[in-house]
Structure formats: C-alpha cells, structure tokens
Amino acid sequence: MTMGTDAGIVSENINLFCAGMGLVTRPRMTMDVPAIKKLLKLSDSQVPLLNNPVGYAK
Ligand SMILES: Cc1cc2nc3c(=O)[nH]c(=O)nc-3n(C[C@H](O)[C@H](O)[C@H](O)COP(=O)(O)O)c2cc1C
C-alpha cells in the first residue's frame, strides 16, 4: 500500500531529524483521528496514519 510506505518514510525522516538535533520522538499509530482531521481540515480522502510526538531529551 503506497500510502503506508509514504507514511513510514516520513515518520523515519522525523526520527532521523530528531536524532540529529538531539530531540526525542516515537512513531505512534493511535490518535484522535476525528479531532486531527478537524484540526488539519483534512478531506474525507485524507487519512491520518502515523504521528510523531517530538520532545526534548531528559
Ligand atoms: C509503526 C509504529 C506504530 C506505533 N504506534 C504506537 C502507538 O500507537 N502507541 C504506542 O504507545 N506506541 C506505539 N509504537 C511504539 C512506540 O513508537 C515506541 O517504540 C514505544 O512506545 C516504546 O517506547 P520506549 O522505547 O520509549 O519505551 C509504534 C511503533 C511503530 C513502529
């Protein structure tokens, strides 16, 4: 499935960026999909698959 591959590549790029900048992140597939769709004004054909919360390392 192309969109799953795309989402994985984007998530991995966020992981690599965070590692390079001294930040921490984790890929997550759980999220409040209706709230995210409303917040980002996504259309019915746009589906949130992954999210990467980002924070400072302890
Ligand atoms: C594709 C993918 C989706 C994930 N989704 C979730 C998720 O929805 N919730 C969650 O707690 N961990 C999820 N994880 C696992 C976290 O990214 C992380 O590895 C896990 O929380 C352990 O973190 P820790 O190493 O800080 O203990 C997912 C991992 C992958 C690879």
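Some values worked out for this structure:
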item: Of all residues making up the stretch 22-49, the number that are surrounded by 10 or more Cβ atoms within 10 Å (Cβ to Cβ) and within 16 Å of the ligand (Cβ to nearest atom); result: 15
item: The stretch 1-46, residues that are touching a strand residue (DSSP E or B) at 6+ places or on another chain (Cβ under 7 Å), in contact (Cβ under 8 Å) with a residue 24 or more places away in the chain and not hydroxyl-bearing (Ser, Thr, Tyr); result: Ile14, Asn15, Cys18, Leu23, Val24, Arg28
item: Complete set of residues in the stretch 12-58 that are modelled with pLDDT of 95 or more and among the hydroxyl-bearing types (Ser, Thr, Tyr); result: Thr25, Thr30, Ser43, Tyr56
item: Ser11 being away from the ligand (no atom under 12 Å from the Cβ) and polar (S, T, N, Q); result: no
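The values are calculated or read from the model by the stated rules, or taken from the named source; none is laboratory data. Remember, it's a predicted structure, so these values are computed and weren't measured experimentally. Counting neighbours? That spans all protein chains shown, and the Cβs are built from the backbone with ideal geometry, glycine included.
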